[in-house]
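The values are calculated or read from the model by the stated rules, or taken from the named source; none is laboratory data. Only a predicted model underlies this, so the values are computations on that prediction, with no experimental measurement involved. Backbone-built Cβ (ideal geometry, glycine too); neighbour counts: all protein chains shown.
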């Protein structure tokens, strides 16, 4: 039975379950059974996704398996990054200061604001007419 360290990350309406395996194809990241390069195609996403591993200097120490659902590209990306940092903490709690300093452990609370009655959108009011 393979041992792994699991972390759950969330952002907007996306949820990611990240597992760090100490054996297997070390240095590889698989998202929803596809290579991470194939899944996150936007420029800079993959480099930014790997930041928690780079800050802790553990890029080649784990095989990372991710199951992500809900949300869009940005939400899923943020959820995976958050989950990766949490999984690293389960592996070694002494990494907390480095991860906290980089801001990887803080869950981003920003979500879409609801539409209010009498307004066109969340905050946009109808145009005022004097006469």
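Residues that are out of contact with any strand residue (DSSP E or B) (no Cβ under 7 Å at 6 or more places or on another chain), surrounded by 15 or more Cβ atoms within 10 Å (Cβ to Cβ) and free of Cβ contacts under 8 Å to residues at least 24 places away in the same chain: does segment 75-94 have at least one? No.
Kindly check whether there is at least one residue in segment 55-65 that is assigned to a helix (DSSP H, G or I), modelled with pLDDT under 95, over 22 Å from residue 110 (Cα atoms) and in contact with a helix residue (DSSP H, G or I) (Cβ under 6 Å, 6 or more places away or on another chain). There is at least one residue in segment 55-65 that is assigned to a helix (DSSP H, G or I), modelled with pLDDT under 95, over 22 Å from residue 110 (Cα atoms) and in contact with a helix residue (DSSP H, G or I) (Cβ under 6 Å, 6 or more places away or on another chain).
The set of residues in segment 1-43 that are closer than 16 Å to residue 78 by Cβ, in a strand (DSSP E or B) and touching a residue at least 60 places away in the same chain (Cβ under 8 Å) comprises 7, 8, 9, 10, 11, 14, 15, 16, 17, 18.
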